[in-house]
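The values are calculated or read from the model by the stated rules, or taken from the named source; none is laboratory data. Note that the coordinates shown come from a computational prediction; the quantities given were computed from them, not determined experimentally. Backbone-built Cβ (ideal geometry, glycine too); neighbour counts: all protein chains shown.
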Amino acid sequence: MIKRLMVANRGEIAVRIIRSCKELGIETVAVYSTADKDALHVRLADIAVCIGPPKSAQSYLSVPALITTAVRTGCEAVHPGVGFLSENSNFAREVKKAGLIWIGPNPDVIDLLGDKVTARDTALKYGLPVTPGSPGPIAKKDEAVAVARECGYPVIIKAASGGGGKGMRIVWKDDDLEENLTIASNEALANFSDGTVYIEKYLQNPRHVELQVIADGKGGVAILGERDCSVQRNHQKLIEESPSPGVTPAMRDAMSSGARNLFSSLKYCGAGTIEFLVVGEAFYFMEVNARIQVEHPVSEFVTGTDLIREQILVCCGQPMTIDPDNVQLSGWSIEARINALSPGKVTRLDVPGGPGVRFDSFLYTGATVSPHYDSMVGKLIVHDSDRQKALTKLLRAIDELKIDGVPVNTETQKKILSSAIFRSGQFGTGIYAQLEATL
């Protein structure tokens with residue numbers, strides 16, 4: 001087993017990785033920008049190295065700085081976390097070229113799955129249903145009109161690279177296609193350095209459901225149940241739960257069978273997520289995230305598995321400790337993302353506790369929330385025997401969570417969780433818009 005690993009990330013995911021590494025007996029090297037010099041991941045790591053100024057392009061996205069740090073500190077592996085370079089195949093190749101282990105799938109597999117147009121083709125090849133759409137990239141209005149008319153309006157223009165709602169535009173008629181193609185392409189270019197876009201049929205108010213996967217790179221694939229991520233604002237997830245209240249056992253089996261075939265055929269290694277849009281009993285392949293996900297703790301709760309540990313083990317050539325043929329799901333887990341509404345310094349932090357309550361965060365009293373990075377400052381996750389009990393527990397835990405000095409979105413989360421539509425379990429990705437007037 002490896003002795004030292006570099007975490008090429010920051011924030012709560014860096015803290016999460018460091019904790020699993022400590023339990024595995026692996027020393028960790030943290031990297032940080034000057035804005036993060038007092039960050040929690042810097043304090044917890046065995047070694048910490050400043051790699052640049054606050055701007056991500058000069059620090060967390062600087063491949064030369066990251067590779068140099070990993071090599072000079074004697075690391076044997078690099079964990080990319082989430083976001084930043086976690087799905088960047090060029091970074092993965094540079095890591096491997098430096099003689100280090102990449103905690104993730106093979107770079108060629110990332111290429112197959114990272115570009116959404118290529119991923120659609122790959123999914124079709126292995127028998128997964130996809131939403132109707134363009135067979136490849138779209139650049140001209142005439143092509144776009146032909147595809148849109150064949151699919152039927154509304155349609156959605158999507159960036160081939162990236163995610164998080166960037167480079168996405170919903171179009172309802174021919175006259176709006178050309179302008180929105182240009183806007184989506186320019187936005188994609190600005191955010192992902194790739195202006196390629198494609199078109200799909202826009203499914204109105206579907207569920208957003210994803211399966212958690214761990215694979216050993218040799219064809220062995222464990223499916224650790226599904227997560228429902230339908231509660232979103234501007235395509236940014238707010239609340240996640242496992243299992244999904246809208247997935248039947250038959251649907252779960254069908255999704256799992258298709259996912260297992262895809263990941264096994266690609267000899268996928270590490271943690272990954274396959275995402276679907278669900279309408280009634282029908283489901284359509286959306287994308288694969290070739291990395292660990294922010295919302296992985298809900299899957300950890302319902303399966304009793306440390307997914308970061310499993311990810312590190314299989315990528316280092318160790319066998320899975322999970323039996324792919326005997327994954328047991330227990331109870332219900334719900335996660336609320338805690339987002340800062342503005343930067344600031346934490347003057348008070350009261351963390352909720354009790355059985356089945358977990359708060360993943362980089363915050364501590366005195367910590368600074370920087371304006372330079374993502375607004376998520378933590379994740380409050382609970383687990384109980386059923387959905388109603390988990391929901392009650394999460395509302396109690398949110399009430400206990402006190403963060404002074406930095407305004408956060410806990411009141412909005414409470415209103416969503418308390419709403420009749422969320423409690424019913426019968427909702428899709430349009431739930432936030434339905435509730436917005438009350439939030």
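Within region 81-100, restricting attention to residues that are out of contact with any Leu (no Cβ under 9 Å at 6 or more places or on another chain) and within 16 Å of Val31 (Cα to Cα), the residue that is surrounded by the most Cβ atoms within 10 Å (Cβ to Cβ) is Gly81. Could you say whether any residue in region 69-76 is out of contact with any Leu (no Cβ under 6 Å at 6 or more places or on another chain), crowded, with 19+ Cβ neighbours inside 10 Å and under 14 Å from Ala290 (Cβ atoms)? Among the residues of region 69-76, not one is out of contact with any Leu (no Cβ under 6 Å at 6 or more places or on another chain), crowded, with 19+ Cβ neighbours inside 10 Å and under 14 Å from Ala290 (Cβ atoms), which makes the answer no.
If you go through region 263-283 and keep only what is closer than 16 Å to Asp121 by Cβ and modelled with pLDDT under 95, you end up with nothing. Condition (residue is assigned to a loop (DSSP other than H, G, I, E, B) and touching a residue at least 24 places away in the same chain (Cβ under 8 Å)) applied to region 62-72: is it met by at least one residue? No, because not a single residue in region 62-72 is assigned to a loop (DSSP other than H, G, I, E, B) and touching a residue at least 24 places away in the same chain (Cβ under 8 Å). Applying the set (1) buried (at least 17 other Cβ atoms within 10 Å of the Cβ); (2) part of a loop (DSSP other than H, G, I, E, B); (3) acidic (Asp, Glu) to Glu335 leaves exactly one unmet item: (2).
Matching residues to (1) closer than 22 Å to Val314 by Cβ; (2) more than 23 Å from the chain's Cα centre (by Cα):
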position: Ile18; (1), (2): yes, no
position: Glu23; (1), (2): yes, yes
position: Ala30; (1), (2): no, no
position: Ala35; (1), (2): no, yes
position: Val49; (1), (2): no, yes
position: Thr69; (1), (2): no, yes
position: Val78; (1), (2): yes, no
position: Trp102; (1), (2): yes, no
position: Pro105; (1), (2): yes, no
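Test of understanding: among Val7, Val42, Val117, Val15, which residue is at pLDDT 95 or above and out of contact with any His (no Cβ under 8 Å at 6 or more places or on another chain)?
That would be Val42, the only listed residue that is at pLDDT 95 or above and out of contact with any His (no Cβ under 8 Å at 6 or more places or on another chain).
Would a scan of region 420-437 turn up a residue that is among the charged types (D, E, K, R), assigned to a helix (DSSP H, G or I) and in contact with a strand residue (DSSP E or B) (Cβ under 9 Å, 6 or more places away or on another chain)? Yes, that holds for at least one residue. The set of residues in region 14-39 that are without any contact (Cβ under 8 Å) to a residue 40 or more places away in the chain, of a type in the set (Gly, Ala, Ser) and buried (at least 24 other Cβ atoms within 10 Å of the Cβ) contains only Ala30. In region 229-290, counting only strands (runs of 3 or more DSSP E) that sit wholly within it, the ones holding 1 or more residues that are of a type in the set (D, E, K, R) and out of contact with any Phe, Trp or Tyr (no Cβ under 9 Å at 6 or more places or on another chain) span 236-242, 282-289.
Does Pro137 fit the bill of being in contact with a Phe, Trp or Tyr (Cβ under 7 Å, 6 or more places away or on another chain), crowded, with 22+ Cβ neighbours inside 10 Å and assigned to a loop (DSSP other than H, G, I, E, B)? No. A count restricted to region 374-408 and to residues that are touching a residue at least 24 places away in the same chain (Cβ under 8 Å), farther than 20 Å from Thr347 by Cα and of a type in the set (Ser, Thr, Tyr) stands at 1.
Of the residues in region 195-209, at least one is among the hydrophobic types (A, V, I, L, M, F, W, C), in contact with a Cys (Cβ under 9 Å, 6 or more places away or on another chain), assigned to a strand (DSSP E or B) and surrounded by 19 or more Cβ atoms within 10 Å (Cβ to Cβ).
For Thr34, the conditions (1) in contact with a helix residue (DSSP H, G or I) (Cβ under 9 Å, 6 or more places away or on another chain); (2) among the hydroxyl-bearing types (Ser, Thr, Tyr); (3) farther than 22 Å from Lys22 by Cα are fulfilled apart from (1).
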